[in-house]
Amino acid sequence: MIRIDEQVGERVRQGDIFQGVQYLASAFEESGVLVIKKIRFPYSIVLTQDCDLDQDARIRGEKATTQDKQLISVLLAPLYNAEHVWAGEHLDRLSIKSPPISGTAKDFLKQNQRPRHHYIEFPKETGLVPAVIDFKHYFSAPVVYLLHLSKTDFKCRVSELYREQISDRFAAFLSRIALPDE
């Protein structure tokens, strides 16, 4: 079980969990009409390092003479309902097929022994069901958008030790070396 810090802060922090984050999947013009497609994730977790988020907040607050540490966007990952992941249904709304996960593969995932996934169980008081982060499904959102969401859609914050574990696993997944298929 993961430990949660529930206070809303004055800035976005690593490990913050928001509900209803929208991702702009595409925007294009078609026959003179702007077509915008968005994905709304029920829950998402902030993956960007907290030191970068802290520097960004200080620069925004101080109106510094240089803004080179100001962030354009923040990395997040959706939290998928674990039961939907086990059934292979967590991506159905995106028209993406996913295989069910059971047996040993499910046990390995729940023990965080699958590099692509991270399993989280939340304390009952959060109202969140067990969830899975799929490190292939990360996205970005503007800092100012998340600051706006923090007033109404902040759910909770993963405590420092656990957010560092998630960050370390995410970095390891991104830095893997791809080998050709045999």
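Residues are listed down the side, and each one gets a yes or a no for (1) free of Cβ contacts under 8 Å to residues at least 60 places away in the same chain; (2) of a type in the set (A, V, I, L, M, F, W, C); (3) closer than 20 Å to Phe139 by Cβ:
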position	(1), (2), (3)
Gln49	no, no, yes
Leu75	no, yes, yes
Gly88	yes, no, no
Leu94	yes, yes, yes
Ser98	yes, no, yes
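Mind listing just one residue for me: the one in the range 134-182 that is of a type in the set (Gly, Ala, Ser) and part of a helix (DSSP H, G or I) and, of those, surrounded by the most Cβ atoms within 10 Å (Cβ to Cβ)?
Start the filter on the range 134-182 by keeping residues that are of a type in the set (Gly, Ala, Ser), which leaves 140-141, 150, 159, 167, 171-172, 175, 178.
Restricting the remaining residues to those that are part of a helix (DSSP H, G or I) gives 167, 171-172.
Values: Ser167: 18, Ala171: 12, Ala172: 11.
Of everything passing the filter in the range 134-182, Ser167 is surrounded by the most Cβ atoms within 10 Å (Cβ to Cβ).
Read through the list (1) among the hydroxyl-bearing types (Ser, Thr, Tyr); (2) in contact with a Gly (Cβ under 6 Å, 6 or more places away or on another chain); (3) at pLDDT 95 or above, then give the number of the only condition that Tyr138 fails.
Status for Tyr138: all satisfied but (2).
Quickly run through the range 68-120 and pick out the residues that are under 20 Å from the mean Cα position of the chain (by Cα), more than 28 Å from Lys38 (Cβ to Cβ) and surrounded by fewer than 14 Cβ atoms within 10 Å (Cβ to Cβ).
Gln111, Gln113, Pro115
When you scan the range 61-83, how many residues do you find that are of a type outside the set (A, V, I, L, M, F, W, C) and in a strand (DSSP E or B)?
The number of residues fulfilling the criteria is 4.
Of everything in the range 14-37, what is part of a strand (DSSP E or B) and surrounded by 13 or more Cβ atoms within 10 Å (Cβ to Cβ)? Give them in sequence order.
Going residue by residue through the range 14-37, those that are part of a strand (DSSP E or B) are 16-30, 33-37.
Result: Asp16, Ile17, Phe18, Gln19, Gly20, Val21, Gln22, Tyr23, Leu24.
Of Arg58, Arg93, Arg40, which residue is out of contact with any Pro (no Cβ under 9 Å at 6 or more places or on another chain) and in a strand (DSSP E or B)? Let's see the steps before the verdict.
On the way: Arg58 fails: in a strand (DSSP E or B); Arg93 fails: in a strand (DSSP E or B).
Testing whether each residue is out of contact with any Pro (no Cβ under 9 Å at 6 or more places or on another chain) and in a strand (DSSP E or B) leaves just Arg40.
In the range 145-173, which residue that is among the small types (Gly, Ala, Ser) and in contact (Cβ under 8 Å) with a residue 40 or more places away in the chain is farthest from Arg60 (Cα to Cα)? Talk me through it step by step, then tell me what you get.
Restricting attention to the range 145-173, the residues satisfying the condition of being among the small types (Gly, Ala, Ser) are 150, 159, 167, 171-172.
Those left that are additionally in contact (Cβ under 8 Å) with a residue 40 or more places away in the chain: 150, 159, 167, 172.
Details: Ser150: 16, Ser159: 25, Ser167: 24, Ala172: 31 Å.
Looking at residues that are among the small types (Gly, Ala, Ser) and in contact (Cβ under 8 Å) with a residue 40 or more places away in the chain, I get Ala172.
For the range 121-133, how many residues meet the condition of being in contact with a strand residue (DSSP E or B) (Cβ under 6 Å, 6 or more places away or on another chain), crowded, with 16+ Cβ neighbours inside 10 Å and at pLDDT below 95?
Total meeting the criteria: 0.
Conditions first: (1) assigned to a helix (DSSP H, G or I); (2) in contact with an Asp or Glu (Cβ under 9 Å, 6 or more places away or on another chain); (3) surrounded by 17 or more Cβ atoms within 10 Å (Cβ to Cβ). Arg11 passes all but one, so which condition is the exception?
(1)
Assess whether Asp56 counts as being modelled with pLDDT under 95, under 18 Å from Ile166 (Cα atoms) and of a type outside the set (A, V, I, L, M). Walk me through how you get there before you give the answer.
On the way: modelled with pLDDT under 95: yes; under 18 Å from Ile166 (Cα atoms): no; of a type outside the set (A, V, I, L, M): yes.
No: the conditions fail for Asp56.
The values are calculated or read from the model by the stated rules, or taken from the named source; none is laboratory data. Source: prediction; values computed, not measured. A quick note on method: Cβ atoms are made from the backbone with ideal geometry, for glycine too, and the neighbour counts reach across all protein chains shown.
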